[in-house]
Structures are given as C-alpha cells and as structure tokens.
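Step one of this worksheet: look at the structure below.
Read-outs throughout are calculated quantities, based only on the coordinates presented, and are distinct from any laboratory measurement. It should be emphasised that the depicted structure is a prediction, and the values quoted were computed from it without experimental measurement. Neighbour counts run over all protein chains shown; Cβ positions are idealised from the backbone, glycine included.
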Amino acid sequence: MKIGIVCYPTYGGSGVVATELGKALADERHHIHFITYSQPTRLDYITENLYYHKVDIRTYPLFEFPPYELALASKMVNVVKTEKLDLLHVHYAIPHASAAYMAKQILKTKGINIPFVTTLHGTDITLVGKDESYEPVVSFSINQSDGVTAVSEDLKKETLSHFDIHTDIKVIPNFIDLDRFKKQKKEHFKKAICPNNEKLLIHTSNFRKVKRVADVVKIFCHIKKKIPAKLILIGDGPERRRIEDECQEMGIFEDVRFLGKLEAVEELLSVGDLFIMPSEKESFGLAALEAMACEVPVISTNAGGIPELNLHGVSGMLSDVGDIDDMVNNALFILDDNNLPTFKENALKRAKDFELSKILPMYEEVYENVLRRQKNQVMI
Ligand code: GMT
C-alpha cells in the first residue's frame, strides 16, 4: 500500500506512535509518505520506501495566524496526486482530520477517491477537542473519516460520551519495539547518578500541566526521607522552569537531574528502578510502556487508559490522581528489595503484550477494510 502519514513531528506521544508505525509499515514493504511541517523526531533514517514531504507554511503580513490547516490540506492533495497514494492516515484529530477531509473533497473534484483514517491519541479529545471552540469541527471530521482508531478503550468511551459520533471506533493500543526498548548494560550511568547505590526514580514527559510533574517531586521528597534515592526528569516543556525552582526551594536540587529532551531514553530507563506517571489525564501512557519494556515498574494514577496498561500489583501500582501518600506507599512497597525483582520481571512481561508485531497487523487490517469498502462503493 502507498500510505500518507500526517502527524505532529515534535516530541510527543502521537508523533512517536505515528513515526514508529510508519517505519514498521515500511519494513513490511509498504510505501510510507510522511507529510509534516518538519522532519519527525523519530524519523532518524530514510529508506527506499520511506519518504518525507515538508508542508510549507507561507506567511503574509495580513495573517496574524498562518493558516497551517490550508497549507497541510494543499500538501496532502499534492502528495496524493503525485505519489498516487492509496490512503491517508492522520494522527491527532486537530487539525489533521479536518485537513484530510478538505483534501479528500478537493481530490474528489479531480476524480480521485482517497480514504482517510483518523487515530485519536488523547488530548485531541479529552482536553482540546471537546472545548467548544473546536468541538463541531472535531465531531464532523471524526464522522467523515473512513476509519477511526483510538489508543485505548477509555479514549473510545470518552469520545463517544463527548461527541455525537456515528461511526465505528476501533481500539488499537500503543505499541513498543522491544528490539530498541530493552534493558541495556549501562551500569556506568547508574554509578555516575547513584554513586552510593541509591534507588533511581525516573519520569519522562513534555512537562505540560496535565502530567502533574510537581507530584513527581513531592513523591520523591517523601521517598527520600525513607530510603536513599535519586530522581531523573527527562523531557522539556512549559512547567520545567517552575519545577526546577521548586526543587531548589525544597532543598533537593542535588538529588534531582533535569536531562531535557533525550533521544536514547532507553539507555537511562535501563538503569531505573521505578517510573512515576502521576498524570491527571492519559489516554494510554506510552512513556510508561517504554519504561516497562526496560524492566522498570510503574507507579501511576488510574486516570484514563493507564489501567489498561499498568496492572495494579503486577507491573506496578495505581492510585487516584493527586493521592501523594498512596503513591509514596506504593513506591516504597515496590522498591523493597524483596519485591523489586518480581515487579521488574512483570513489567517486562506486561510490555510484551504490546509488542510491535502484535499491534501492526491491527492497523493493516483497518487499512484493508477501508480500501475494500471504498472499492465496493466505487463498484456500486
Ligand atoms: O501526552 C502528551 O501530552 C502527548 C500526547 C500526544 O498526542 O502527543 O500523547 C497522547 O498520545 C500518546 C500516544 O498515543 C498516549 O500514549 C498518551 O497517553 C497521550 N497523552 C494524553 O492523553 C495526555
């Protein structure tokens, strides 16, 4: 198949899933065309059947807000025509699904029928999408999609309860490439960060409010009073500065390392003992899956789709959003030397349920169904 993939190319779960999916589909000999405003972060190589088309956003003094959606739709029209694509797959509803709808209508006037699949990732529904400033367009473009997928049962439920949807939504969870995300021998990292064999706690995120990074720091502070521990914070975003200030004020700055955006996050996860995900909302929790694949158990909230990934008492433990005391108790329980090896083993076992090879065929099936339906419509 020749597939056009549209996503946010920056650091973030939906872009990671879209790019890793495209790379895996290319390995299966599909022709994959990424259509984005910059090269996706995880698109770190190009092969004979992987392509990247840059969306040019022309500005004009009249435009206070450059019309990205129009530039994207125009680029989609262009790439579908020149590369003779079979299908478009857009990740994150806003504004990708509505731009795909526009491209589809334009192409129809030229006698080209291009179906599009929309994958809902989370905040495009739970946070931004249901805001009244976007809701009508989001509902419309989901309903107009030829196929819709959501990354968890919870996200599907949220979508159906907040939008008037009359199309089927297929749940396809996030996936993990276990060849890349696996425990590696990086003991020199551990020695450098934890010279006295302290327990190493890790959090990675885009430091948005919804991630509640301040809770990570509070949890760490309590744990540190009970056992020797260090904390690594990976990623960057709007809350980072405030969190750094808080660590200074709390007097724990020496035990916390801010590493910013990291490419080889699996190298640090390899030396971690516990991953902390105290998110307010999380449709799936890809960062937790990456940790689990590197044999790191997870303490998390029970928000959104996280319980579909992190199994309480097995791969980690779950608490209500903001229940710091419970998260601290859970963390201390897992970090106990009598429990930690079992939790680590179980974390990897659970991650294997989401192995790339198990999830990829689900997307291929969606594409095949969409193309079959389209063919039947043309015949009628
Ligand atoms: O978590 C973020 O803020 C990034 C966001 C995105 O769209 O890039 O991630 C969402 O999609 C990921 C991939 O499907 C999911 O694993 C994350 O749980 C989801 N984030 C939220 O729902 C907050």
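In plain terms, the chain from SER133 to GLU69 could stretch by 21.5 nm, reckoned as 0.36 nm per residue minus the Cα-Cα distance.
Of the beta bridges in region 187-354, as assigned by DSSP with both residues counted there, near 0 percent are antiparallel. Please report how far the C-alpha centroid of region 144-217 lies from that of region 286-340, rounded to the nearest whole angstrom. Measuring centre to centre over Cα atoms gives 12 Å. With a 10 Å cut-off between alpha carbons and a GNM built on the chain, which of ASN78, ASN330, ASN206 moves the most? Maximum among the listed residues: ASN78. Taking the C-alpha atoms only, the angle from helix 240-250 to the longest principal axis of the chain is near 10 degrees. Here the ratio of the Cα radius of gyration of the chain to 2.2 N^0.38 Å is 1.03.
Shape class of region 65-182 from the Cα gyration tensor (axes a ≥ b ≥ c, square roots of the eigenvalues): oblate, since a/c reaches 1.5 or more and a/b does not exceed b/c. Placing unit charges on each Cβ (+1 for Lys and Arg, -1 for Asp and Glu) gives the chain a dipole about its Cα centre, and among THR159, PHE34, PHE207 the Cα reaching farthest toward its positive end belongs to PHE34. Extent of region 1-97 along its three principal axes (Cα atoms, max minus min coordinate, largest first): 45, 29, 22 Å.
Beta bridges per DSSP, both residues in the chain: antiparallel share near 0 percent. Among the GluC sites (Glu not before Pro) within region 225-329, those in coil by DSSP and having at most 14 neighbouring Cβ atoms inside 10 Å are GLU263.
Modelled label positions at ASP337 and ARG257, each set 7 Å beyond Cα in the direction of Cβ, lie 2.3 nm from each other. In order along region 93-110, the phi-based Karplus estimate (6.51 cos²θ - 1.76 cosθ + 1.60, θ = phi - 60°) of 3J(HN,Hα) comes to 4, 9, x, 5, 5, 6, 5, 5, 4, 4, 4, 4, 5, 5, 5, 4, 5, 9 Hz; Gly and Pro are listed as x. Angle check, please: helix 356-379 long axis (alpha carbons) against the longest principal axis of the chain (alpha carbons), in degrees 0 to 90, nearest 10. Around 20 degrees separate the two axes.
Which lysines does LYS110 reach when only Cα atoms under 18 Å apart count, and residues fewer than 8 places away in its own chain are ignored? Straight-line reach from LYS110, under 18 Å: LYS75, LYS81, LYS84, LYS375.
Annotation note: GluC sites (Glu not before Pro) in region 123-181 located in DSSP loop regions with a Cβ neighbour count of at most 16 within 10 Å are GLU132.
Under a straight-distance cross-link criterion of Cα-Cα below 18 Å, which aspartates and glutamates are reachable from LYS358, leaving out those fewer than 8 residues away in the same chain? Within reach: GLU20, ASP27, GLU28, GLU153, ASP177, ASP179, GLU290, GLU308, GLU368. Put in line by how crowded their Cβ is, counting other Cβ atoms within 10 Å and starting with the fewest, PHE354, PHE220 read PHE354, PHE220.
For LEU371 and HIS166, a Förster radius of 22 Å and the Cβ-Cβ distance give a FRET efficiency of 0.55, rounded to the nearest 0.05.
For region 187-354, what class follows from the C-alpha gyration tensor (a ≥ b ≥ c being the square roots of its eigenvalues): rounded when a/c is under 1.5, otherwise prolate if a/b is larger than b/c, else oblate? Numbers along the way, then the final one.
Working: a/c = 1.31, a/b = 1.13, b/c = 1.16.
Since a/c stays below 1.5, the shape of region 187-354 is classed as rounded.
The phi-based Karplus calculation (6.51 cos²θ - 1.76 cosθ + 1.60; θ = phi - 60°) puts the 3J(HN,Hα) values of region 209-218 at 3, 4, 7, 6, 5, 4, 5, 4, 5, 4 Hz, whole numbers, x for Gly and Pro.
As a proxy for reagent exposure, ranking THR204, THR10 by other Cβ atoms within 10 Å from fewest up yields THR10, THR204.
Just flag the trypsin sites (Lys or Arg not before Pro) in region 97-206 sitting in loop per DSSP whose Cβ has no more than 11 other Cβ atoms within 10 Å. All intermediate terms of the calculation are to be shown ahead of the outcome.
On the way: sites: LYS104, LYS108, LYS110, LYS130, LYS156, LYS157, LYS170, ARG180, LYS182, LYS183, LYS185, LYS186, LYS190, LYS191, LYS199; in loops: LYS110, LYS130, ARG180, LYS182, LYS183, LYS185, LYS186.
Answer in residue order: LYS110, LYS185.
In the chain, if the dipole is taken from +1 on Lys/Arg beta carbons and -1 on Asp/Glu beta carbons about the Cα centre, which of VAL328, LEU43, GLY147 is farthest to the positive end? About the Cα centre, the residue reaching furthest to the positive side is LEU43. Averaging the Cα positions of each part gives two centres, and for region 230-266 and region 102-142 these lie 36 Å apart. For region 187-354, a crude dipole built from +1 on the beta carbon of Lys and Arg and -1 on the beta carbon of Asp and Glu, taken about the Cα centre, is about 160 debye to the nearest 20. A Cβ-based charge dipole, computed about the Cα centre of the chain with Lys and Arg at +1 and Asp and Glu at -1, lands at about 900 debye. Ranked by how many other Cβ atoms sit within 10 Å of their own Cβ, fewest first, the residues HIS33, HIS96, HIS89 fall in the order HIS33, HIS89, HIS96.
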